[in-house]
């Protein structure tokens, strides 16, 4: 007879699909999965931002990949920004719930069963995340968002999946890539409407604030290394 613990530990075999923002985060996930000897799930690189990801999901739900059923669980992975001194660069966070909204935040619960018996839950922190339609750049903005939403971390995609993938459990694990007191370069104008980064405008924005840009690059690289490692641990 298969033990209950074994069944819970093998929940990850039911995850056949990972959504991850395209670019450096996607490449980190791919590197982590190459270090495992288990069956690798389908990894879909998604666009950055609420509207772009929403359009992506609307189109994806018409494809054969979706019509053939992606399984009863999907996993969202990537980086996020801290809204609290309790969460530092490199921290692994698992979402208990994710919210969206300005004046009034709408919350949706995330799938936690995926992580019950997995070893990363001992080193991860369970948080409430909030999805924003832009990069929250300044430390002042981060603290304000934390006080109005009661969220711990912020990203730009997660809530969309919870809202649109009805009937599918969505689990979310991310890695903190910038601290709450860390001011970021204002790169919002460098994000295209299709969710891609415009290289030249991004370089211009980074050059205008070299100190913040250098710190962001360093903290992002640290977050990406942890993201690669945690991916390998999840699926090994």
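Brief remarks follow.
- Filtered residues of region 131-170 (kept if outside any helix (DSSP H, G or I) and farther than 20 Å from residue 220 by Cβ): 133, 150, 151, 165, 166, 167, 168, 169, 170
- The residues of region 176-185 that are touching a helix residue (DSSP H, G or I) at 6+ places or on another chain (Cβ under 6 Å) and surrounded by 15 or more Cβ atoms within 10 Å (Cβ to Cβ), listed by number, are 177, 178, 180, 183, 184, 185.
- For region 193-202, the condition holds for at least one residue, the condition being that it is in a strand (DSSP E or B) and at pLDDT below 95.
- Taking helices (runs of 4 or more DSSP H) as the structural unit, those lying wholly within region 12-118 and holding at least 3 residues that are in contact (Cβ under 8 Å) with a residue 12 or more places away in the chain, surrounded by fewer than 21 Cβ atoms within 10 Å (Cβ to Cβ) and touching a helix residue (DSSP H, G or I) at 6+ places or on another chain (Cβ under 8 Å) correspond to 24-34, 50-60.
- Just one of the numbered conditions (1) at negative phi; (2) surrounded by 20 or more Cβ atoms within 10 Å (Cβ to Cβ); (3) within 16 Å of the chain's Cα centre (by Cα) is not true of residue 221: (2).
- Condition check for residue 173: part of a loop (DSSP other than H, G, I, E, B), crowded, with 19+ Cβ neighbours inside 10 Å, at pLDDT 95 or above and touching a helix residue (DSSP H, G or I) at 6+ places or on another chain (Cβ under 9 Å): no
- Region 119-130, residues that are at pLDDT below 90 and not in a loop (DSSP other than H, G, I, E, B): 119, 120, 121, 122
- Subset tally (residues that are in contact with a helix residue (DSSP H, G or I) (Cβ under 6 Å, 6 or more places away or on another chain) and in contact (Cβ under 8 Å) with a residue 24 or more places away in the chain) for region 203-229: 4
The values are calculated or read from the model by the stated rules, or taken from the named source; none is laboratory data. What you are looking at is a predicted structure, and each value in this text was computed from that prediction instead of being measured. Please note: Cβ atoms are built from the backbone with ideal geometry, for glycine as well, and neighbour counts cover all protein chains shown.
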